[in-house]
Amino acid sequence: MTALATTREGNRYRAYGPRQLPAIGQRYGLSAEVVESIDVIAHVLPFRVNDHVLDNLVDWNNIPDDPMFQLLFPQAGMLADNTTAQLRSLARRGWPRAETQRLTTAIRRDLNPHPSGQMELNVPMEAGSNFAIPGLQHKYRETVLYFPAQGQTCHAYCTYCFRWAQFVGDPELKFATADPSQLVRYLGEHPAVTDVLVTGGDPLIMSTARLTAHVEPLLGVGSVRTVRFGTKTLTFWPGRYVDDQDSADLLGLFEKIVVSGRTCAVMAHFSHPREIDQPLTIEAIRRIRDTGAQVFCQAPLIARVNDDPAVWADLWRREAALGAVPYYMFVERDTGPHDYFKVPLPRAVQIFQDAYRQLPGLARTVRGPVMSATPGKIVVDGSYQSSSSQRLYLRFLQARDPGIVGQPFTARCSPHASWFTELDSFEAPHRVLAALDSGDRRLPSTSRAGM
Ligand SMILES: *Cc1c(COP(=O)(O)O)cnc(C)c1O
Ligand code: SF4
């Protein structure tokens, strides 16, 4: 058993993984059964925590129901019962190496590690060749996603993460890039791209020097007007902006982007009000805003973590009060332990609307619930009962085909449908149907109705 540090070394970041589970159990009073069942699931799903999340976010008096415990610790119900039983039998035999490897690889492949065509559909090709550019995704005309290789991990892991395949060390499941030269060349050839979203994992896991090497070259590309950072550091390691050894340099980088005349945005990921109700996080947001950068907030709707309108209303009010902008409520993707976390779409839209109604006008910047699916970002605007079935009002917020953005359409929705692929009987303009028909969804021809 690897011990945790006995004296806390102040604010220095240290990651704890499955090997520290017994020590974590001892420090916070978890029973041996709970530790063991976390350990079994952590052989398949990623697990990483640190002192900030353990000391400040988890309510240790409310285990296992505490939303932060559910967010951070793999749980017994996250895998199918027979899968868990297979893992337990390996545990009893001391995790024989080859067998463990075979089983965990097979289980992971069954968990849809790259949902929504991330791998095949969005990776741009080098001009005039058939080589994909690793670490880039270009799906919507104006925005490119950039995955720096050293940013493919996070200060802690969310159990519901849809990027989980990048963390578990299967090289076939990873995509990332070591340096920005191909990105810069690609941007030069595609002046319609105005937005670069640097993401991961979490790009702010990198040292400021590394991050600067990836980002500074973008400031030489005139067509790039916005640089965004997708990050959960404000939750998992807010000291990144306050008292890490290169915090001041990080804030300096943001300021440099702003001074260049560009928009710099931190796309924060807050799942629960407790994450934001932390002195260090509040201070971090203040410092980010002082650079002229903006903070936008998004998170998925997750059963057992935040499937409650009061939680979202509280979260969005707190964000707005700190000058951060509530941005998206996502629907949990169909990957990883989806059955454990999913919220049926009719319930999702009800939670969104109940929360939204309570907000002051300035917090009503938020949109949702949004499904980020193969054809685009689809928001559920409401549900209604038609003569024969329950239906949803839907609308594209983002699409490969910009011409369909904003066009309302409807679909039939069973009470348990929790993802776009479970909807049918669409009523939509032909151009929307064509988009819906692409990628992970082949509509049965009987379910089409042009308008
Ligand atoms: C969400 C997303 C974006 C950014 O969309 P915005 O609506 O501009 O925030 C860009 N690319 C992909 C692939 C996305 O999923
Ligand atoms: S912060 Fe984002 S990328 Fe990191 S584990 Fe959570 S959901 Fe995944």
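Each reported figure results from applying straightforward, stated rules to the coordinates on display, with no laboratory input. The structure presented is a predicted model; accordingly, all values stated were derived computationally and were not measured. Ideal geometry is used to build each Cβ from the backbone, glycine not excepted, and the neighbour counts take in all protein chains shown.
Model label sites at residue 223 and residue 56, defined 7 Å from Cα along the beta-carbon direction, differ in position by 4.1 nm.
Once a ≥ b ≥ c are taken as the square roots of the eigenvalues of the Cα gyration tensor of the range 205-250, is the result rounded (a/c under 1.5), prolate (a/b larger than b/c) or oblate (a/b not larger than b/c)?
Details: a/c = 2.87, a/b = 1.80, b/c = 1.60.
Prolate.
The loop-placed trypsin sites (Lys or Arg not before Pro) in the range 32-113, going by DSSP, that have at most 12 neighbouring Cβ atoms within 10 Å of their Cβ come out as 93. Label-to-label distance for residue 283 and residue 245 is 1.9 nm, based on points extended 7 Å past Cα in the beta-carbon direction.
Which of the trypsin sites (Lys or Arg not before Pro) found in the range 363-435 are loop residues per DSSP with 14 or fewer other Cβ atoms within 10 Å of their Cβ? Working shown, then result.
On the way: sites: 364, 367, 377, 391, 395, 400, 412, 431; in loops: 364, 400.
When the trypsin sites (Lys or Arg not before Pro) of the range 363-435 are filtered for loop state and at most 14 Cβ neighbours within 10 Å, 364 remain.
Sorting the segments 218-224, 137-143 by their residues' average number of neighbouring beta-carbon atoms within 10 angstrom, most packed first, yields 137-143, 218-224.
Between residue 88 and residue 260, the FRET efficiency from the beta-carbon distance, with R0 = 60 Å, is close to 0.65.
Convex hull over the Cα atoms of the range 318-451, averaged projected area in nm²?
On the way: hull surface 36.6 nm².
For the range 318-451, averaging the hull's shadow over all directions gives 9.2 nm².
Inter-part distance, the range 251-310 to the range 349-404, computed on C-alpha centroids, equals 23 Å.
For the chain, the ratio of Cα radius of gyration to the globular rule of thumb 2.2 N^0.38 Å stands at 0.98. In this simple spin-label approximation, residue 12 and residue 95 carry label points 7 Å from Cα along the Cα→Cβ vector, and these lie 2.6 nm apart.
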